[in-house]
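First comes the structure, then the notes that go with it.
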Amino acid sequence: MARVAFAWELGGSIGHLLSCAGLARALHARGHAVAFVLRELRSLALVPEASAYDVFQAPLSPREGLDTGIPVSYADILLGTSWRDARELGALLRGWRALLEGWQPDLLVADFAPTALLAARSLAVKRVAFGNGFFNPPAMSPLPPFRVDASVDAAQVTASDTAALAHANGAIQELGEGPLAQLCDAFATDEDFLCTFPELDHYATRPPSVYWGPRLRTDLGNPMDFPDGAGKRVLVYVQRSLPQLDALINVLAGSAHRVIAYIPDLDNPRRARLAGRGRAVIDRPIRLDIALRQCDLLVCHGGEIAGGALASGVPVLLFPTHYEQYLTARRLEQTGAGGWIPPTANAASIKAGVQAMTTDPRFLANARAFAQRYPAWSPQEQRRRIVARIEQLVGVAASPILSRSSPPEPP
Amino acid sequence: VARVLLAWEFGGDLGHARRAVATARQLRELGHETAFAFPDLASIAPGDAAVFASYPSPRLATPEAPDPAPLNAPDILLNLGYADAAGLAGALRAWQSLVRLVRPSLLLCDYAPTALLAARAAGLPRLTLGSGFSVPPAGKPMPSLRPWAAIDPALLMQRDMRLMASVREAWKLAACNGAPPETAAEVFAADAHLACTWPELDPFGARGDVEYLGPQPDTSAAQAQAWRGEARPRVFAYLKPRDPRFAKIVEAIVKVAGEAIVAAPGLDPRQPPPSAADNVRIVGAPVALDVLARADLCVNPGGIGVLSAALRHGVAQALLPMHLEQYLVARRAVEGGFARALEPDTDADFATWLRDALADRALREAALAAQPLGRRAPASAGERIARALAR
């Protein structure tokens, strides 16, 4: 059996951990050993099955995020981390190499983990990227811009790319390696698990690629039905830090909609305002497969759940709070199955947004049409194919990738 | 050959990395391997990083609003993330995995209480290494960090209990073997505490349960600097550019010194220098401390490296502590008579204060009289640890 190490290096959302945990669980169930190398460790409490894995802190720079503006390209994101400086990048690279040399994985699964990929490359460890479009930039030189709300200076894109490449080369040359010809070579993998749909790809300009569909976790939590009643069924999954949370709560509490709301660590006064007849406020995730089957609208920030809802035929209303989510929101809007509320919108716009999404039949029709385009996609089937491809890469399974003979995975 | 995992978890100053590298080199000469766990991997020079495997220390999530005036050592840990049992459990699990990966014979913990807990769970020998501050005197409740202020013991006990509730919960969540610590004092407990300082400079005062090895020789790279003229007084300053008082202190040194050398490691080379005066040289890197031999005054925050070097050279000191540890050490130096110290939040006229210190004959004489304290030969941390490994 194989040893598979997961690396989550950048990005603040726990979606990275939950997605990795979903795949790790399937791999572990098939007898593979798993290690997690994580950006933050406290969320481990959400994935109790990880108690069977080795867990390590991901090497990070204490100076990460200092004086960075709004990034235009993946290279800009890198320059906001240890990649701003060859010596610092070299130090983190050594940290990743020490972990990989010590744990000896047969395969590294990189979820927004550029330095981990560079380390695996330097040790000739097999590696795959595992993330949505934003985390897996297209293999182009220079790495293309993703900014869509402002004009982009092509010279600046090239300059950032050149700087990040120079720092990477400075770091790997210290290890006695030859330089990379282009920055995207640092992220070359044995497989790119691009976990989104082309319609939702953050890089609308990506060359033709294989899309594996979103990494939706549907097996977490307990099954739960929407409360009885006649109103539309609205599933809410937002963070407590949403600036317009009070306005959203007021709109929902003043409506006839049936609501299931998961807002982690919600304070009691707000909980009391939102909860009521037909509106349940929950403290733990619920089984999403059941909830999405029943649901008329998902309200969330973005992430894998947005694409998963769409592929389940459910319209989505987004509250993007950072640029990656904003790009998802723009792509979702283009499908005609979603809308989004900017951080500056007032209570009246939020009310109008929820109203439109629950009354205008075009949103539902477009969501259903989207789902019909991907009849083979389901969270389970997506994971089954990824596991099969991983087993092919590490050479432990001879079965064809799309064979349906593999045993069923745990629910 | 035995293997040591040298774990550093908290504290941001260069002192931790320097002590770690010096100790690892000593152990290497004695035939033992050392692996590092560091919160900042870039704090090791690439040459050392090529010799000693370096892993990232597991991180805790720090609270959104830490208490600006922690009462006792448990309170400091609560401020550093120990209040969050889920976060502590995650870090504890990661230390356990790292111990399984590195398979050390011994854990050497430099302000690394979570590594101490992991060693306890793994049944591994554990030693502490540090400047004294990371090993608070034991007590129930754990004593106040400000012995000059009256603090209700019930408040101290409350901090201890909060810490222990979190530690017990994390111990369970991380599925640790064995019994968790029963008291706050046990969280800090180890087989031996090795303090790289002198008893006269221990922030908590001389104690019986600490082995004083003395400041370890600094083997890290430093620039050689020499006095250029005969102008007096000569002021050597070792300052942190991040100290909000930095520019004002430099300005005051320019005013009072005949000649001054200011070492300011970490100074941003892209910024204009804080002074262009002829009588002051500002170096944005560590400076070799033998330059103290012919100095009249040493201005520094109270870190053990510079403070003990100035003591060794018999130079009077003007201390500007930036945080509690330095403040407690500065108090000891003032008690010893060879230093003056300013409270961190004093809005002082630095030039007058420095002039007074330079004119203080008693201070100068006390510094010379205290020189033998600083000239004691330190015991090698590496040899002491090797003895523990041989057991």
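I need the calculated FRET efficiency for the pair B:Asp349 and B:Ala247, taking r as the beta carbon distance and R₀ as 25 Å, to the nearest 0.05. Plugging the Cβ-Cβ distance into 1/(1 + (r/R0)^6) gives 0.95. Can you tally the net charge around B:Leu354? Count Lys and Arg as +1, Asp and Glu as -1, for every other residue whose Cβ sits under 12 Å from the Cβ of B:Leu354. Here the charged neighbours net out to -1.
Grab the beta carbon distance between B:Ala65 and A:Ala230, set R0 = 45 Å, and tell me the FRET efficiency rounded to 0.05.
Calculated value: 0.50.
Bridging of B:Lys140 to aspartates and glutamates at a Cα separation below 12 Å is possible for B:Asp160, B:Glu182, B:Glu186, once same-chain residues fewer than 8 apart are set aside. Under 5 Å from the amide H of A:Leu107 lie the amide H atoms of A:Arg3, A:Ala5, each residue being 5 or more positions distant or on a separate chain, with H modelled from the backbone and absent for Pro and chain starts.
Think of chain A as a dipole: +1 on every Lys or Arg Cβ, -1 on every Asp or Glu Cβ, centred on the Cα centre; then among A:Leu107, A:Ala168, A:Asn268, A:Asn268 lies furthest on the positive end. Stretching the chain fully between A:Thr321 and A:Gln294 yields a gain of 7.0 nm (0.36 nm per residue, less the alpha carbon separation).
Remark on A:Arg258: its backbone amide H falls under 5 Å from those of A:Gly231, A:Lys232, A:Arg233, A:Val234, a criterion applied only to residues 5 or more positions apart or on other chains, H modelled at 1.01 Å from N. Cα convex hull, region A:111-181: 94 Å³ per residue, rounded to a whole number. Projected label points at A:Asn268 and A:Glu333, each 7 Å from Cα along the beta carbon direction, are separated by 4.1 nanometres.
Accessible area per residue for chain B in Å², computed with a 1.4 Å probe and the full protein assembly in place, what is it? Each step should come with its number before you reach the end.
Values: 16000 Å² over 391 residues.
Ligands and nucleic acids excluded, the figure is 41 Å² per residue.
Here's the list of aspartates and glutamates a cross-link from B:Lys255 could span, going by alpha-carbon distance under 19 Å and ignoring same-chain residues fewer than 8 apart: B:Glu230, B:Asp278, B:Asp296, B:Asp347, B:Asp349, B:Asp356, B:Asp360. Within a straight-line Cα-Cα reach of under 29 Å, B:Lys248 can be paired with the following lysines, leaving aside sequence neighbours fewer than 8 residues apart in one chain: B:Lys240. Choose one of A:Val238, A:Asn132, A:Ser43: the residue whose Cα lies farthest towards the positive end of the charge dipole of chain A (beta-carbon charges +1 Lys, Arg; -1 Asp, Glu; about the Cα centre). Positive-end residue among those listed: A:Val238.
From the backbone phi of region A:245-261, what are the Karplus-calculated ³J(HN,Hα) couplings (6.51 cos²θ - 1.76 cosθ + 1.60, θ = phi - 60°) in whole Hz, Gly and Pro given as x? Computed from phi, the couplings for region A:245-261 are 4, 5, 5, 4, 4, 5, 4, 5, 5, x, 10, 9, 5, 8, 10, 10, 10 Hz. Most simply put, the protein assembly as shown has about 5% antiparallel DSSP beta bridges, counting only bridges with both residues inside it. Comparing each chain alone with all protein chains together (probe 1.4 Å, DNA, RNA and ligands left out), the residues of region B:54-87 losing at least 10 Å² of accessible area are B:Ser54, B:Tyr55, B:Pro56, B:Pro58, B:Arg59, B:Ala61, B:Glu64, B:Asp84, B:Ala86, B:Gly87. Just to confirm my numbers, what's the Cα centroid distance between region A:129-206 and region B:207-267 in Å? Between the Cα centres of region A:129-206 and region B:207-267 lies a distance of 44 Å.
Compute the length gained on full extension between A:Leu46 and A:Gln173: take 0.36 nm times their separation in residues and subtract their Cα-Cα distance, giving the result in nm to one decimal. Can you show the working numbers first?
On the way: separation 127, 0.36 × 127 = 45.72 nm, distance 3.97 nm.
This chain segment gains 41.7 nm when fully extended.
By the Kirkwood approach, averaging reciprocal distances over each pair of separate Cα atoms, region A:122-163 gets a hydrodynamic radius of 12.5 Å. Dimensions of chain A based on its C-alpha atoms, expressed as ranges along the principal axes with the largest first, amount to 67, 51, 40 Å.
Taking only the alpha-carbon positions of region A:303-386 and ignoring solvent, what does the Debye formula give for the base-10 log of I(q)/I(0) at q = 0.25 Å⁻¹? These q points yield log10 I(q)/I(0) values of -1.21.
For the residues B:Glu182, B:Glu365, B:Glu211, a GNM of chain B with alpha-carbon springs under 10 Å puts the largest fluctuation on B:Glu182. As a test of the formula, what do you get for the protein assembly as shown when each DSSP H run with n ≥ 4 contributes -39,500 (n - 2.57) and the sum is divided by the residue count, at 222 nm and rounded to the nearest 500 deg cm²/dmol? Rounded to the nearest 500, it is -11500 deg cm²/dmol.
With a simple spin-label model that places each label point 7 Å from the Cα along the Cα-to-Cβ direction, the separation between A:Val148 and A:Ala253 comes to 3.5 nm.
Across region A:266-278, coupling constants 3J(HN,Hα) worked out from phi with the 6.51/-1.76/1.60 Karplus curve, θ = phi - 60°, read 5, 6, 5, x, 5, 4, 5, 5, 7, 5, x, 4, x Hz, and Gly and Pro carry x.
Note on chain B: with a GNM built from Cα contacts shorter than 10 Å, the maximum mean-square fluctuation among B:Arg25, B:Arg232, B:Arg120 falls on B:Arg232.
The distance between label points at B:Leu155 and B:Arg207 comes to 2.2 nm (points 7 Å beyond Cα on the Cα→Cβ vector).
Roll a 1.4 angstrom probe over the protein heavy atoms and tell me the percent of accessible area of the protein assembly as shown that is carbon or sulfur. Numbers along the way, then the final one.
Working: 17070 of 32300 Å².
Ligands and nucleic acids excluded, carbon and sulfur give 53 percent.
Hey, what did region B:124-195 get for relative contact order, percent, Cα under 8 Å, at least 6 apart?
Details: 58 pairs, mean separation 39.9, N = 72.
Rounded, it is 55 percent for region B:124-195.
How much FRET efficiency would the formula 1/(1 + (r/R0)^6) give for A:Ser141 and A:Arg373, where r is the Cβ-Cβ distance and R0 is 41 Å, rounded to 0.05? Working shown, then result.
Numbers: r = 32 Å, r/R0 = 0.78.
It comes out at approximately 0.80.
Take every Cα-Cα pair in the protein assembly as shown and report what % of them are more than 33 Å apart. Summing the P(r) of the protein assembly as shown above 33 Å gives 59 percent of all pairs.
Any chance you could tell me what percent of the C-alpha pair distances in region A:259-411 go past 26 Å? Let's see the in-between values first.
Working: 4423 of 11628 pairs.
Value for region A:259-411: 38 percent of Cα pairs lie more than 26 Å apart.
Relative contact order for region B:54-150: 27 percent, from Cα pairs under 8 Å spaced at least 6 residues apart, divided by residue count. Its relative contact order, with pairs defined as Cα atoms under 8 Å and 6+ residues apart, puts chain B at 15 percent. In vacuo Debye scattering of region B:76-178, one point per C-alpha: log10 I(q)/I(0) at q = 0.23 Å⁻¹? Those come out to -1.30, one per q.
Average accessible surface for region A:168-261: 41 Å² per residue, computed with a 1.4 Å probe over protein heavy atoms with every protein chain in place. Chains B and A together bury roughly 2200 Å² of accessible area, counting both sides, with a 1.4 Å probe on protein heavy atoms only. Shown in residue order for region B:203-218 are the 3J(HN,Hα) couplings computed by the Karplus curve 6.51 cos²θ - 1.76 cosθ + 1.60 at θ = phi - 60°: x, 9, x, 4, 9, x, 9, 10, 8, 8, 8, x, x, 7, x, 7 Hz (x for Gly and Pro). In terms of its Cα atoms, chain B spans 65, 50, 42 Å along the principal axes, sorted from long to short.
How fast does region B:1-109 diffuse by Stokes-Einstein, in µm²/s, taking the Kirkwood radius from C-alpha pairs at 20 °C and 1.002 mPa s?
Details: Rh = 15.0 Å.
So the translational diffusion coefficient is about 143 µm²/s.
Computed about its Cα centre, the charge dipole of region B:1-148 is approximately 500 debye, with only Lys, Arg, Asp and Glu carrying charge at their Cβ. Applying 0.36 nm per residue to the separation of B:His323 and B:Arg375 and subtracting their alpha-carbon distance, the gain on full extension is 16.0 nm.
The values are calculated or read from the model by the stated rules, or taken from the named source; none is laboratory data. Remember, it's a predicted structure, so these values are computed and weren't measured experimentally. Note: ideal-geometry Cβ built from the backbone for every residue, glycine included; neighbour counts use all protein chains shown. Areas reflect the complete protein model, heavy atoms only, side chains present, ligands, DNA and RNA absent. Shrake-Rupley method; radii C 1.70, N 1.55, O 1.52, S 1.80 Å.
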